[in-house]
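Chemist: Sharing a structure with you now.
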Amino acid sequence: MNQTHPAFHPRAGTDGDARPRLDVDLQALGDNYERVRAGVAGETAAVVKADAYGLGLEPVARALHARGCRTFFTAFTAEAVSLRGSLPQARIFVLAPLVESEHAALLANDLLPCLFDLAGVDAWCAAAAAAGRGARAALHVETGINRLGMPGAELRALRADRQRSARLDPVLLMSHLACADDPGAAHNEAQRETFEALRALYPGVPASLANSAGTFLGPPYHFDQVRAGICLYGHDPHSAHTAPRVRPVATLSAVLAQVRDLPAGSAVGYGATYRSDRDRRLGVVLAGYADGLARNLYDPARAGGAEFAIEGHRAPLVGRVSMDMCTLDLSAVPGAVCRPGARVEVFGPTIPVEEIAARSGTIAYETLTSVGARVRRRYRDRGQGRATTTGTQ
Ligand SMILES: *Cc1c(COP(=O)(O)O)cnc(C)c1O
């Protein structure tokens with residue numbers, strides 16, 4: 001007992017690099033984009049904030065561009081500047097611009113701010129005029145989520161202000177839904193009606209209301225452009241109500257470093273929160289909370305913690321997740337697949353990302369964007385038979 005299995009062989013399943021890996025299927029990403037686009041009459045823009053939801057801004061944006069996507073949204077100006085380096089021709093909107101301190105970067109990179117107050121409108125118009133440029137921008141109007149957005153009264157004041165209106169060149173009127181992931185929420189229709197009314201102020205300007213979930217609410221929510229984020233990355237925000245309409249894109253895996261047989265009564269991990277009730281086979285996996293695994297994935301108070309998988313065989317987490325590693329009970333997994341160097345799936349084909357998210361009390365968005373910076377990203381584009389790996393920072 002307590003014996004160690006054959007030594008870790010660095011070439012088995014690890015590419016000579018023992019860090020966790022996020023495999024991104026660019027073919028599935030592109031197919032998801034086309035799927036969404038096929039369902040809307042207007043434009044399908046891609047939201048690529050937060051490093052394309054953790055999947056990697058540059059390869060994701062390039063793959064979407066190759067499928068015909070021409071409009072992108074980032075949260076921050078710095079993200080948009082980086083995207084501009086990859087896509088010189090695309091139309092890039094910044095959702096959260098601070099135009100006074102960032103106008104030089106916005107102008108120099110031909111980026112479009114989503115303006116959410118009159119002070120921002122004035123600053124942007126002044127900066128653009130000083131640079132001899134038109135003040136092209138999106139107007140982000142508030143319809144019921146009360147985050148960034150200009151209240152309707154402010155938008156009406158702006159519209160009525162001849163001087164301001166003459167200087168500003170609005171290229172998009174947008175708003176954002178609060179409850180679109182719940183198709184039954186009355187709030188959706190209330191926001192849509194408010195948006196319709198405000199849109200009448202700018203009849204010639206393209207309008208955009210829907211995120212992924214809003215897009216799946218149907219054509220009344222599509223207007224001239226939808227802003228698709230999470231659905232491109234493989235999660236259907238309505239999957240609690242309907243069968244998913246998109247394919248998973250990302251697989252997070254980590255290396256099994258050690259396999260040991262533990263006698264009954266052995267404690268595992270910090271705090272000794274797990275104690276084996278009988279003889280168990282333990283696997284030590286090289287991924288932890290620094291890689292985005294929630295520390296509460298193992299919770300002794302909750303019957304049945306999270307499960308990972310090896311070659312399709314599920315195995316429960318036992319003991320606390322630590323910074324760089326975690327531990328699995330491999331007792332029910334065939335011994336032949338429990339070799340050190342094997343890859344353990346955290347989420348992917350066997351374990352849906354939604355399941356891991358739910359186990360730590362969150363949603364796929366947070367699980368994907370939590371995947372840490374040291375996790376290598378590997379890209380596959382089956383259509384072109386290429387695989388590239390990045391993320392050695
Ligand atoms: C993040 C975001 C989106 C995309 O949302 P998904 O739910 O990921 O599709 C669209 N619009 C705005 C304003 C956002 O902040």
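The values are calculated or read from the model by the stated rules, or taken from the named source; none is laboratory data. Quantities reported herein were computed from a predicted structural model and do not represent experimental measurements. Cβ atoms come from the backbone with ideal geometry, glycine included; neighbour counts cover every protein chain shown. Calculation scope for accessible area: heavy atoms of the full protein, side chains included, ligands and nucleic acids excluded. Shrake-Rupley method; radii C 1.70, N 1.55, O 1.52, S 1.80 Å.
Chemist: Could you tell me how many degrees, from 0 to 90 and to the nearest 10, lie between the Cα long axis of helix 99-108 and the main elongation axis, the longest principal axis, of the Cα atoms of the chain?
Modeler: The angle comes out near 90 degrees.
Chemist: Could I ask something else about it? Suppose we keep just the alpha-carbon trace of the stretch 272-349; what are its Rg and Dmax in angstrom?
Modeler: 11.7, 32
Chemist: Which of the peptides 122-129, 222-229 is most tightly packed, and how do the rest follow, going by the mean number of other Cβ atoms within 10 Å of each residue? Mind dumping the intermediate values first?
Modeler: Numbers: 122-129: 18.9, 222-229: 22.9.
Going by the mean number of other Cβ atoms within 10 Å, highest first, we get 222-229, 122-129.
Chemist: Something else about it: Over what distance in Å are the Cα centres of the stretch 203-245 and the stretch 49-76 separated?
Modeler: Between the Cα centres of the stretch 203-245 and the stretch 49-76 lies a distance of 17 Å.
Chemist: Let me ask something else. With the other protein chains left in place, how much accessible area per residue, in square angstrom, belongs to the chain at a 1.4 angstrom probe?
Modeler: Numbers: 16720 Å² over 393 residues.
Per-residue value: 43 Å².
Chemist: List the residues whose amide H sits under 5 Å from the amide H of Leu173, counting only those 5 or more places along or on another chain, with H placed 1.01 Å from N in the peptide plane.
Modeler: Placed amide hydrogens put Leu139, Ala207, Ser208 under 5 Å from Leu173.
Chemist: Taking just the alpha carbons, could you work out the radius of gyration and Dmax for the stretch 196-352, both in angstroms?
Modeler: Reported Rg and Dmax, both Å: 21.8, 73.
Chemist: With the full set of protein chains in place, find how many percent of the accessible area of the stretch 53-122 is carbon and sulfur; take the probe as 1.4 Å.
Modeler: Accessible surface attributable to carbon and sulfur in the stretch 53-122 totals 58 percent.
Chemist: Just to check I understand the Karplus step: with θ = phi - 60° and J = 6.51 cos²θ - 1.76 cosθ + 1.60, what whole-Hz values come out for the stretch 241-258, glycine and proline as x?
Modeler: 10, 9, 5, x, 9, 10, 9, x, 10, 10, 10, 9, 9, 9, 8, 7, 9, 8
Chemist: Okay, next question. If you line up the long axis of helix 118-130 against the longest principal axis of the chain, both from Cα atoms, how many degrees apart are they, to the nearest 10?
Modeler: 70
Chemist: Shifting gears a bit: To the nearest 500 deg cm²/dmol, what mean residue ellipticity at 222 nm is calculated for the chain from DSSP H runs of n ≥ 4 alone, each contributing -39,500 (n - 2.57), summed and divided by the residues? Could you put the intermediate results ahead of the total?
Modeler: On the way: 12 runs with 107 residues, N = 393.
Calculated from helices alone, the mean residue ellipticity at 222 nm is -7500 deg cm²/dmol.
Chemist: Please list the non-local residues whose amide H lies under 5 Å from the amide H of Ala287, H modeled 1.01 Å from N, same-chain partners needing a gap of 5 or more.
Modeler: Those lying under 5 Å, H to H, from Ala287 are Met325, Cys326.
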